[in-house]
Amino acid sequence: MANLLKWTGQAVFYAVLAAVIGYFAAAPAYRHFAADQALIKMTFTHGGEYKGGCRRRTAKELQEIAPNMRKDFDCPRDRVPVVVELDVDGATVYRASHDPSGLHGDGPANMYQGFPVPAGEHTVAVRLRDTARDSGFDYTREGRFTLAPGQLLVVQFRAEAGGFIFRE
Amino acid sequence: MTWLQRPVRAAFDIAELGLDRVFSQHWNPLHHLGALGFFMYWIVAASGIYLYIFFDTGITAAYSSVEYMTNDQWYLAGVMRSLHRYASDAMVLFMVIHMAREFGLDRYRGVRWFTWSTGVPIIVLLFVCGITGYWLVWDQLAQFVAVRSTEWLDWLPIFGTPTAANFLTPESLDDRFFSLMIFIHIAAPLILLLILWIHLQRVSRPQINPPRGLAVGMFAMMLALSLVMPATSHAPADLSTVVSVVRLDWYYLGLYPLMDYWSAGTVWAALTVVLLTVMFLPWMPPMRRAATARVYLDHCNGCVRCVDDCPFGAVSMVPRTDGAKFAEEALVDPDLCVSCGICVGACPSSTPFRRRGEIVTGIDLPDFSLADLRAATEAAAEALDGEGRVLVFGCAHGPRPSKKGGTTAFVTLPCIGMLPPSFIDYTLSRGLADGVMLSGCAEDACYHRFGAEWTDARVDRQRDPQLRRRVPRERVRRHWAGRAEGKALSAEIERFADGLRQLGPAASDPLPPSSERILETVESDG
């Protein structure tokens, strides 16, 4: 009788352990994204133009530089920040200035961000400035999209492709 | 930290008590948590090797190969997949319980800091293994994990461009990505194995395999679970959509929802704080350690028994330094010694049978010496009164009898393994008590790892120093149990005392003066 109780107890233990392992291996389900929403993801990796032009070094300056380091022109490495704006249905939902990466500020600026919107029809407009000017934008694009629930609209910027790309 | 340890320990005391009764002490899963983790590792490794035969690295091939295994070859590859998943989950579960138990028992501070702190990289690597595993299936859960993981990693200023951008469109991903992931998924467990080896470096005779019966039970449970609830995939990944609902594996992916509520930086900060806190827990606050064992060369003949018995490899043999005729002497490493006294119990010089001069042995604990033990034994025996007197030598970490006084007296040792068998002989032959009860932690759950095991072997004359044959075995009883079993210990003492009353008083047999230098060595009497 005692043995029967022991074996039964062990069976119950294993059953409970299996249930705990099995249940939490795939449950409870987690809702990561609302069912009636779509997502606009905007991303770019782009370097703004250099802050200043190159300057010819004087003969005296060249003399002061080690021979193996001498270059006739002194070109600043710093880049200007990249300014972007995103409008959805005429309202600006994102406006930011992205600094260049790198210790010397000479790398590309990066952006990767998602903007949930209700599923449905939307007008999306994007603008980007990568030059030293104070106002206005160097690249703009606008599009009208009908986004299904859970759909992803990717807004990428590729200078080599001529600017913004929309991918539905 | 005691305020937190106390309830944890109490919970484990109760759980161990119940499982001792259901499984027996030897099969109690809570006594083999580390070994069960290892056992699950081998299940994961074996099933993983089989799955690798059929797994195809490719954007569409990965998913279809997993589907083939799950549906077409469900009877073998599908079961292997389920075993792979559930054994991985069980590893996390056993690891967490293992940590909680060691914390509750206060077995993570002092000398044990090394084993505890090297467990932290194991946690990290285990999660790397699990997360990359889910990534390989390339279903919607994998997509969720991939996007969330890379968005989280991108917070660190180590990537030139956002790596999450690789998962924006189907075209941005290529087959080589899966080759990289499978490389990480295979390399991480191998590194994990290396860290596990380091984790056990300061533990002598580490138990890395559970008892066979428990292993069979666990494997049968895993197999049954795999057949009843086979692991399945979500729909295939589709990078043009946002994953909405996922059936998370909460063992490995439980932190991912946090990323929806906290910024990536906050999650990094929280995780770093938690891991560093766990890693440096042994110093919050540091353990006040008892003085470590000390070798007395005049009484050490280099017999190596203390080296064999030390649970933490704190004693080693070195060339003799005192010019004695023996080749080697014992040397204690204070950084490894937990002051359990098991070496004192192992030393053949540890005997209370001396009438002249102070009791000195080959290796002793300064804070509770052999002389202290004899004094405590004699003092406890003096308090005994009536028929069926029982002197209990008990471990400080084991159960305590609910009733003392009268026919029962208790001598507390740091570990029952500290008790030289000659003390049993001494107690009975001098008529200090009618019976000796040895009490300590449950089997396979000794606080200092081998106290009960070595004591059993010494009493059963299977390990030196052995209990002399002349000691009447019917007057010696052993009781190994969890801390919560104080009442059971009292009942056992009562039953023992009843038996002793029927036997009558122990024959007092003071040794003649010529025997005062008897050492409890390997004897050949009988």
Filter result for the condition that a residue is closer than 20 Å to A:F13 by Cβ, over 13 Å from the mean Cα position of the chain (by Cα) and either open to solvent by 40 Å² or more (accessible area, probe 1.4 Å) or assigned by TED's automatic domain parsing to the domain that holds B:I186 (or both), over B:A87, B:A100: B:A87
May I ask you to say which residue of B:V338, B:V315 is of a type outside the set (S, T, Y) and farther than 21 Å from B:H397 by Cα? B:V315
Taking the stated definitions as given, is A:V154 open to solvent by less than 30 Å² (accessible area, probe 1.4 Å) and closer than 25 Å to A:R31 by Cα? yes
I'm trying to understand the selection: among the residues of segment B:231-252, which are outside any strand (DSSP E or B), buried (at least 20 other Cβ atoms within 10 Å of the Cβ) and at the interface with chain A (Cβ under 7 Å from one of its Cβ atoms)? B:V242, B:V243, B:L248, B:D249, B:Y251
Restricting the search to segment B:139-154, which residues are in contact with a Ser or Thr (Cβ under 8 Å, 6 or more places away or on another chain) and either under 19 Å from B:D89 (Cα atoms) or not polar (S, T, N, Q) (or both)? B:D139, B:L141, B:L153, B:D154
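Could you count how many residues in segment B:410-437 are assigned to a strand (DSSP E or B) and surrounded by fewer than 23 Cβ atoms within 10 Å (Cβ to Cβ)?
Summing the residues that are assigned to a strand (DSSP E or B) and surrounded by fewer than 23 Cβ atoms within 10 Å (Cβ to Cβ) in segment B:410-437 gives 3.
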Take B:V44 and decide whether it is farther than 23 Å from B:F178 by Cβ, in the same structural domain as B:S179 (by TED's automatic domain parsing), out of contact with any strand residue (DSSP E or B) (no Cβ under 6 Å at 6 or more places or on another chain) and part of a helix (DSSP H, G or I). no
Here are some conditions: (1) more than 7 Å from chain B (Cβ to nearest Cβ); (2) surrounded by 12 or more Cβ atoms within 10 Å (Cβ to Cβ); (3) more than 30 Å from B:L19 (Cα to Cα). A:R56 meets all but one. Which one does it not meet? (2)
Consider A:V93 carefully, then state whether it is in contact with a strand residue (DSSP E or B) (Cβ under 7 Å, 6 or more places away or on another chain), more than 13 Å from chain B (Cβ to nearest Cβ) and at pLDDT 90 or above. yes
Look through segment B:140-191, keep the residues that are under 26 Å from B:T266 (Cα atoms), hydroxyl-bearing (S, T, Y) and open to solvent by 20 Å² or more (accessible area, probe 1.4 Å), and return whichever of them is modelled with the highest pLDDT. B:T163
Looking at the structure I just gave you, is B:R85 of a type in the set (K, R) and out of contact with any Gly (no Cβ under 9 Å at 6 or more places or on another chain)? no
Restricting attention to segment A:21-37, which residues are without any contact (Cβ under 8 Å) to a residue 60 or more places away in the chain and more than 7 Å from every other protein chain (Cβ to nearest Cβ)? A:Y23, A:P28
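Give segment A:131-168 a look and list any residue that's part of a loop (DSSP other than H, G, I, E, B) and within 14 Å of another protein chain (Cβ to nearest Cβ), or say none.
A:A148, A:P149, A:G150, A:E168 - these are the residues of segment A:131-168 that are part of a loop (DSSP other than H, G, I, E, B) and within 14 Å of another protein chain (Cβ to nearest Cβ).
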Kindly indicate the residue of segment A:87-130 that is touching a Ser or Thr at 6+ places or on another chain (Cβ under 8 Å), part of a strand (DSSP E or B) and among the small types (G, A, S) and also farthest from A:H46 (Cα to Cα) among those meeting that condition. A:G120
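Select from segment A:19-37 the residues that are in a helix (DSSP H, G or I) and open to solvent by 30 Å² or more (accessible area, probe 1.4 Å) and list them in ascending order.
Across segment A:19-37, the qualifying residues are A:A19, A:V20, A:Y23, A:F24.
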Check off (1) in contact with a Lys or Arg (Cβ under 9 Å, 6 or more places away or on another chain); (2) within 14 Å of another protein chain (Cβ to nearest Cβ); (3) free of Cβ contacts under 8 Å to residues at least 60 places away in the same chain; (4) buried (at least 17 other Cβ atoms within 10 Å of the Cβ) for A:G107 and give me the number that stays unchecked. (3)
Given the structure, is B:V228 open to solvent by 60 Å² or more (accessible area, probe 1.4 Å), farther than 16 Å from B:I43 by Cβ and within 14 Å of another protein chain (Cβ to nearest Cβ)? yes
Please work out if B:M69 is surrounded by 15 or more Cβ atoms within 10 Å (Cβ to Cβ), in contact with a helix residue (DSSP H, G or I) (Cβ under 9 Å, 6 or more places away or on another chain) and within 30 Å of B:A481 (Cα to Cα). no
Matching entry among B:V145, B:V128, B:V137 (being within 22 Å of B:L33 (Cβ to Cβ) and assigned by TED's automatic domain parsing to the domain that holds B:S64): B:V128
Any residue in segment B:343-357 that is on the phi > 0 side of the Ramachandran plot, touching a strand residue (DSSP E or B) at 6+ places or on another chain (Cβ under 7 Å) and open to solvent by less than 40 Å² (accessible area, probe 1.4 Å)? no
Candidate set: segment B:253-271, residues that are within 9 Å of another protein chain (Cβ to nearest Cβ) and surrounded by 15 or more Cβ atoms within 10 Å (Cβ to Cβ); chosen: the one nearest to the chain's Cα centre (by Cα): B:L253
Can you find a residue in segment B:306-320 that is more than 28 Å from B:P162 (Cβ to Cβ), loosely packed, with under 11 Cβ neighbours inside 10 Å and modelled with pLDDT under 95? no
Scan segment B:345-364 and tell me whether some residue there is assigned to a strand (DSSP E or B), touching a residue at least 12 places away in the same chain (Cβ under 8 Å), out of contact with any helix residue (DSSP H, G or I) (no Cβ under 6 Å at 6 or more places or on another chain) and not polar (S, T, N, Q). no
For segment B:289-301, indicate whether the set of residues that are farther than 21 Å from B:V111 by Cβ, touching a Phe, Trp or Tyr at 6+ places or on another chain (Cβ under 9 Å) and open to solvent by less than 40 Å² (accessible area, probe 1.4 Å) is non-empty. yes
Looking across segment B:1-28 at residues that are among the aliphatic types (A, V, I, L, M) and open to solvent by 50 Å² or more (accessible area, probe 1.4 Å), the single one that is farthest from the other protein chains (Cβ to nearest Cβ) is B:M1
Mind telling me which of the residues B:A231, B:A237 ends up being under 17 Å from B:A142 (Cα atoms) and touching a Lys or Arg at 6+ places or on another chain (Cβ under 7 Å)? B:A231
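Tell me whether segment B:73-80 contains one or more residues that are assigned to a loop (DSSP other than H, G, I, E, B) and of a type outside the set (K, R).
We begin by selecting, within segment B:73-80, every residue assigned to a loop (DSSP other than H, G, I, E, B); these are B:73.
With of a type outside the set (K, R) added as a condition, the list becomes B:73.
Yes, because at least one residue in segment B:73-80 is assigned to a loop (DSSP other than H, G, I, E, B) and of a type outside the set (K, R).
The values are calculated or read from the model by the stated rules, or taken from the named source; none is laboratory data. What you are looking at is a predicted structure, and each value in this text was computed from that prediction instead of being measured. Heads up, the Cβs are rebuilt from the backbone with ideal geometry, glycines too, and the neighbour counts pull from every protein chain shown. Please note that ligands, DNA and RNA were not included when accessible areas were found on the heavy atoms of the full protein model with its side chains. Shrake-Rupley method; radii C 1.70, N 1.55, O 1.52, S 1.80 Å.
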